[in-house]
Amino acid sequence: MTDTTTATATASANTAALPLFADFAGVIDRALDALVAAGHLPQGLARSGVTCEPPREASHGDISTNAAMVLAKPAGTNPRALAALLVAELEREPRVASAEIAGPGFINLRLADAAWLAELALIAASGGNYGRSTMGGGTMVNVEYVSANPTGPMHMGHCRGAVVGDALASLLEYAGHRVTREYYVNDAGAQVDVLARSVHLRYHEALGEDVGAVPEGLYPGDYLVPVGQALAAEFGDTYVNAPEAEWLVPLRTRAVAAMMDMIRADLATLGIHHDLFSSEAELQASGKVDAAEKWLRDHDLVYDGELEAPKGKLPDDWEPVALPLFRSTKFGDDQDRPIKKSNGAWTYFGADLAYHFQKAQSADALVDIWGADHAGTVKRIKAAVAALTSADGATAKPFEVKLVQMVALMKGGQPFKMSKRAGNFVTLADVVDMVGKDVVRFTMLTRKPDAQMDFDFDKVVEASKDNPVFYVQYAHARICSTLRKGVAEGFAPAPDHVALLGEEELALVKLAAQFPRVVESAANAREPHRVAFFLYDLSAGFHAYWNVGNDRPDKRFIVGQDAALTSARLFLGVQIGQVVKNGLALLGVEAAEEL
């Protein structure tokens, strides 16, 4: 066990240091530099594949590296022989207690306690910034998410993508990127004309007319009633007997604006706020779709041609039609795609192509969060972005599409339905009212987004280990409760005696120390659910340690007869709580102080 003076000095020196795994990546890199200087390795070997991470099995040590495995072949040597040379260099590092070669050439390091005590001090010194990274280098990432049609309130079909997109945006910022949160308003399609006709009906109703049942094909929800009333107040009976050509555009404009106000309010219940709302109608009116087509034609990426005949038996009315086609096969698609219909109107693909062209002008990378039902269009949009950001596609701006599966609403294990103002679906606001913002957000991140998910109203509020939301929140609340109790009994968290912490306590530090690398790996993979998984594992470690104290009073956080040990364990608890709080903040979830 490291003595108190050494631990405190190391911790103090480490307050401006890198997190442990990033720091040891540098240690490994310097050891490789030493082998190059000694002539054991050639100059200029690519090290991008060298890793510094926890071993798969905790019993194997604290840090594992594949450096010898990765570099042996290009260096023309044997992996175990290179590993032996590298071990000799790594053992010079004071914080390395031992270094061992495993299997064909992996190296496992065991660290001295002082390394973990220094990391504990780093958490305390960093506070809310522990885990924050400069990895992104300030590059601008546009994250587009939700983008629901502006025809009604948000429903649970939109919720999962909204949470995934918002958490990803926060994660990317925390990892050092600049981020634009964007919502694409699909206000140029047939669905907004249906919206206008629906509010026209409610407009008649507001003027005292008995409109009866809402006709098939119109939006039935009573959320349109206030819109009709507002139109009646603004226009009186001006459009009562007017032809559709006169009222369609003004009513559509006002209805879309009202729906977007409703959508913003619904998203706000989840703590979601976008930086930018881009209108499809404005995009087309501005001529940017035409400009995109011209750019593509100039680069021979759009041509006039005929669509391939449908496979199988042809419909009786099918005939070949010449259309402007995008050369998406050049970028991996299975056929070239039309950007305009035969009547000259833009296809959805054509409008989306121009929209992404617009986004790419002010971003270094693009990420779209889509529902899984759009999977069939991913390849062609990725081809379009590759074309629009690089004539040959070889140096295109990075663009990723993350697909999100629908959520099945359940209650007590059975499908759950509610008759609400929306007419035929469960609104997001209704669900937040029932279980709370934090429960909804965390639950949406407890599975990979492309995996099916059941949202059971009973289970998500259940106080049990099987409910990740409760389990993580309870860990933070337990820490806060313990701290309050300790203070009430005259104890305070302090780093002065952290050298008294033993193996079980340091195991918690080892778990917490993985947070910075989880942030970076999750940001690189565009997978915020990794943070939720990490928080569950850290909370499980904390609860396991807590439960030991139920049977062994000497293992409790508060040991009344030992003020020094109590202050050290309370200090540990505060830092574990800080890491939990930091992770929850990335997911847009508040850290509960009591449950």
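Remarks
- Which numbered condition Phe24 misses (of (1) at pLDDT 95 or above; (2) in a loop (DSSP other than H, G, I, E, B)): (2)
- Any hit, the range 274-281, residues being in a helix (DSSP H, G or I) and on the phi < 0 side of the Ramachandran plot: yes
- Screening the candidates Asp290, Asp336 for the property of being at pLDDT 85 or above, within 33 Å of the chain's Cα centre (by Cα) and either surrounded by fewer than 16 Cβ atoms within 10 Å (Cβ to Cβ) or more than 30 Å from Gly176 (Cα to Cα) (or both) yields one hit, Asp336.
- When the criteria are applied in full, Val498 fails the requirement of being among the aliphatic types (A, V, I, L, M) and loosely packed, with under 13 Cβ neighbours inside 10 Å.
- Taken as a whole, the condition of being touching a residue at least 40 places away in the same chain (Cβ under 8 Å) and farther than 30 Å from Ala258 by Cα does not apply to Leu168.
- From the options Ala188, Ala148, residue that is within 25 Å of Ala375 (Cβ to Cβ), modelled with pLDDT under 95 and over 26 Å from the mean Cα position of the chain (by Cα): Ala188
- Residues that are under 24 Å from Val472 (Cα atoms), in a helix (DSSP H, G or I), at pLDDT 95 or above and not small (Gly, Ala, Ser), drawn from the range 549-577: Thr566, Arg569, Leu570, Phe571, Leu572, Val574, Gln575, Ile576
- Single residue of Val225, Val141 found to be closer than 30 Å to Ile272 by Cα and touching a residue at least 24 places away in the same chain (Cβ under 8 Å): Val141
- Matching residues in the range 49-105 - criterion: being among the small types (Gly, Ala, Ser), touching a helix residue (DSSP H, G or I) at 6+ places or on another chain (Cβ under 9 Å), in a loop (DSSP other than H, G, I, E, B) and buried (at least 16 other Cβ atoms within 10 Å of the Cβ): Gly105
- Residues that are among the aromatic types (Phe, Trp, Tyr) and either buried (at least 24 other Cβ atoms within 10 Å of the Cβ) or closer than 30 Å to Arg252 by Cα (or both) within the range 119-163 comprise just one, Tyr145.
- Number of the condition not met by Asp222 [criteria: (1) closer than 23 Å to Asp430 by Cα; (2) modelled with pLDDT of 95 or more]: (2)
- Criterion (at pLDDT 80 or above and more than 22 Å from the chain's Cα centre (by Cα)) met by exactly one of Met453, Met410, Met406: Met410
- Considering the range 30-48, and only residues there that are touching a Leu at 6+ places or on another chain (Cβ under 6 Å) and outside any loop (DSSP other than H, G, I, E, B), the residue that is surrounded by the fewest Cβ atoms within 10 Å (Cβ to Cβ) turns out to be Leu35.
- Every residue from the range 211-233 that is surrounded by 12 or more Cβ atoms within 10 Å (Cβ to Cβ) and in a helix (DSSP H, G or I): Asp222, Tyr223, Leu224, Val225, Pro226, Val227, Gly228, Gln229, Ala230, Leu231, Ala232
- Consider the range 180-210 and keep the residues that are over 13 Å from Gln229 (Cβ atoms) and β-branched (Val, Ile, Thr). The one that is surrounded by the fewest Cβ atoms within 10 Å (Cβ to Cβ) is Val194.
Each row is one residue, and each column tells you yes or no for (1) assigned to a strand (DSSP E or B); (2) out of contact with any Cys (no Cβ under 6 Å at 6 or more places or on another chain); (3) among the polar types (S, T, N, Q); (4) at pLDDT 90 or above.
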position: Phe349; (1), (2), (3), (4): no, yes, no, no
position: Tyr355; (1), (2), (3), (4): no, yes, no, yes
position: Ser362; (1), (2), (3), (4): no, yes, yes, yes
position: Asp373; (1), (2), (3), (4): no, yes, no, no
position: Lys379; (1), (2), (3), (4): no, yes, no, no
position: Ala383; (1), (2), (3), (4): no, yes, no, no
position: Leu388; (1), (2), (3), (4): no, yes, no, no
position: Ala391; (1), (2), (3), (4): no, yes, no, no
position: Ala396; (1), (2), (3), (4): no, yes, no, no
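Listed here are the residues, each with its yes/no results for (1) under 27 Å from Ser390 (Cβ atoms); (2) of a type outside the set (D, E, K, R); (3) touching a strand residue (DSSP E or B) at 6+ places or on another chain (Cβ under 6 Å).
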{"residue": "Asp266", "(1), (2), (3)": "no, no, no"}
{"residue": "Gly271", "(1), (2), (3)": "no, yes, no"}
{"residue": "Phe277", "(1), (2), (3)": "no, yes, yes"}
{"residue": "Ser286", "(1), (2), (3)": "yes, yes, no"}
{"residue": "Ala291", "(1), (2), (3)": "yes, yes, no"}
{"residue": "Leu314", "(1), (2), (3)": "no, yes, no"}
{"residue": "Glu319", "(1), (2), (3)": "no, no, no"}
{"residue": "Leu325", "(1), (2), (3)": "yes, yes, yes"}
{"residue": "Asp333", "(1), (2), (3)": "yes, no, no"}
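- Residue pairs whose Cβ atoms lie under 9 Å apart, sitting 6 or more positions apart in sequence or on different chains, and linking a residue in the range 39-67 that is assigned by TED's automatic domain parsing to the domain that holds Leu86 to a partner that is surrounded by fewer than 10 Cβ atoms within 10 Å (Cβ to Cβ), are Pro42/Gly76; Ser64/Arg56.
- Applying a threshold of 9 Å to beta carbon distances and a minimum spacing of six or more residues, or different chains, the list of pairs starting in the range 395-419 at a residue that is farther than 30 Å from Ala383 by Cβ and among the hydrophobic types (A, V, I, L, M, F, W, C) and ending at one that is surrounded by fewer than 13 Cβ atoms within 10 Å (Cβ to Cβ) and modelled with pLDDT under 90 reads Ala408/Pro415; Leu409/Pro415; Leu409/Lys417.
- Sole residue being at pLDDT 95 or above, surrounded by fewer than 18 Cβ atoms within 10 Å (Cβ to Cβ) and not basic (Lys, Arg), chosen from Ser464, Ser481: Ser481
The values are calculated or read from the model by the stated rules, or taken from the named source; none is laboratory data. A quick note: this is a predicted structure, and the numbers were derived from the prediction, not measured. So basically every Cβ, Gly included, is an ideal-geometry build from the backbone, and we count neighbours across all protein chains shown.
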